[in-house]
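Note sheet for the following structure.
What follows is calculated from the coordinates using simple rules that are stated; it is not laboratory data. Source: prediction; values computed, not measured. A quick note on method: Cβ atoms are made from the backbone with ideal geometry, for glycine too, and the neighbour counts reach across all protein chains shown.
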Amino acid sequence: MDRETRLRRLAFRAWHRGTREADYMIGGFFDRYGEGWSDAELDWFETLIEEQDVDIMAWAIGTQPVPDRFAGPQMDAFRQLDFINIPR
């Protein structure tokens, strides 16, 4: 699959999680950083979004330890939570 198609699919999956909170957190992260990711970073994100939203959100806010397979610079950026833009 070409990169543009892959990015569109990931954007859809990131923004259609099932809860508004997860959409803002995961979708917002993708919107902020996804375009600039390498193929390896896209692989990481694809693997991450296969996990349960409650786990992803707990890793982001620090209520559960981050599994080794997700630890690293991308998770560090995710845990900043400075990309969440909630419309009012």
For the stretch 3-80: relative contact order, % (alpha-carbon pairs under 8 angstrom, 6 or more apart): 24
Computed E for Glu21/Asp82 - FRET, C-beta separation, R0 25 angstrom, nearest 0.05: 0.95
Alpha-carbon radius of gyration plus Dmax, which is the widest Cα pair, for the stretch 3-80 in Å: 11.5, 34
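Quick one: net charge around Met57, please, counting Lys, Arg +1 and Asp, Glu -1 for every other residue with C-beta under 15 Å from its C-beta.
Overall, the nearby charge balance is -3.
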With 10 Å bins from 0: P(r) over the stretch 35-80, alpha-carbon pairs, percent: 26, 61, 13
Least to most buried among Glu4, Glu21 (fewest other Cβ within 10 Å first): Glu4, Glu21
